[in-house]
Amino acid sequence: MEMHFDQHISRQFNEELEGLKTEMLEMGGLVARQVADAVDALANADSELAEKVLQVEEEIDRCEMELDEHATLIIAKRQPAASDLRMVMSVIRIARDLERMGDEASKIAKMAIALTDEGTAPRGYTEIRHIANAVRKMLDDALDAYTRFDVESALTTLAEDEQVDMDYRSAIRELVTYMMEDPRSISRVMNVLWTLRSLERIGDHAKNICEQVVYLVKGADIRHGNKKNLR
């Protein structure tokens, strides 16, 4: 009887952990869609789509709060240890990064509305598309690595952030030079610069998710660069 009870509790606990993971991945899908829509709204001067992105922000905030609540209940009720505790902690941390990505997507949507109102496509859209494609791929790959507990894939995706940072710095240099040559463009190009900054930050948050994959699987905290003996 006691063994049956223990098995029942264990099965419930596993279901709760799996449910927590599923909630987080659903939130990730929502954020990925929001980022994609924000960039499309800007590239296509679609203020209606940009407004929809802004409306989704509240739903993402709610998802984070619900995940926090569910994770806290699991910790209080189950007192998880070892890998189970790492699972709960990684979900809490990833939810925070996803929420911040949602904030950055909302900033891009606001820039899209501002640029649409100005009516003239500024310099920098090529750079936006290039960096946006890179960070969207990073986010998709990071979530996929978490789904499969794939450390190798997480480390590969994590390394892609260096290229995003390089492309970001290169784009900033080009756009600053352009503004110096044509001061009339400053207002429009500043919106592009802020958009690029938001995309770069989304890449940073995707990198953080990859670090949580390593933490979950290996129990190693690599947030400050210690990546030895992980592959």
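A few comments on the model shown:
- For region 153-172, the tally of residues that are open to solvent by 90 Å² or more (accessible area, probe 1.4 Å) and not aliphatic (A, V, I, L, M) stands at 3.
- Pairs are defined by a Cβ separation below 6 Å, a sequence spacing of at least 6 or placement on different chains, a first member in region 72-101 that is within 22 Å of Val31 (Cβ to Cβ) and open to solvent by 60 Å² or more (accessible area, probe 1.4 Å), and a second member that is at pLDDT 95 or above and assigned to a helix (DSSP H, G or I); the pairs so defined are Arg100/His205.
- Residues of region 46-93 that are part of a helix (DSSP H, G or I) and among the small types (Gly, Ala, Ser): Ser47, Ala50, Ala71, Ala76, Ala82, Ser83, Ser90.
- No other residue among Arg223, Arg231, Arg201, Arg197 is open to solvent by 60 Å² or more (accessible area, probe 1.4 Å), modelled with pLDDT of 95 or more, more than 18 Å from Asp140 (Cα to Cα) and not small (Gly, Ala, Ser) apart from Arg197.
- Qualifying residue in region 168-179 (condition: in contact (Cβ under 8 Å) with a residue 24 or more places away in the chain and within 22 Å of Asp97 (Cα to Cα)): yes
- Residue within region 136-143 that is of a type in the set (Lys, Arg) and over 23 Å from Glu48 (Cα atoms) present: yes
- Every condition in (1) in contact (Cβ under 8 Å) with a residue 12 or more places away in the chain; (2) of a type in the set (S, T, N, Q); (3) more than 29 Å from Val192 (Cβ to Cβ) is met by Ser106 except one, and the failing one is (3).
- When region 173-192 is filtered for residues that are open to solvent by less than 40 Å² (accessible area, probe 1.4 Å) and part of a helix (DSSP H, G or I), the ones remaining, listed by number, are Leu175, Met179, Ser185, Val189, Asn191, Val192.
- Selection status of Glu211, in contact with a helix residue (DSSP H, G or I) (Cβ under 6 Å, 6 or more places away or on another chain), in a helix (DSSP H, G or I) and under 24 Å from Arg100 (Cβ atoms): no
The values are calculated or read from the model by the stated rules, or taken from the named source; none is laboratory data. It should be emphasised that the depicted structure is a prediction, and the values quoted were computed from it without experimental measurement. Please note: Cβ atoms are built from the backbone with ideal geometry, for glycine as well, and neighbour counts cover all protein chains shown. Each accessible area value is taken on the protein alone, full model and side chains, heavy atoms only, with ligands, DNA and RNA left out. Shrake-Rupley method; radii C 1.70, N 1.55, O 1.52, S 1.80 Å.
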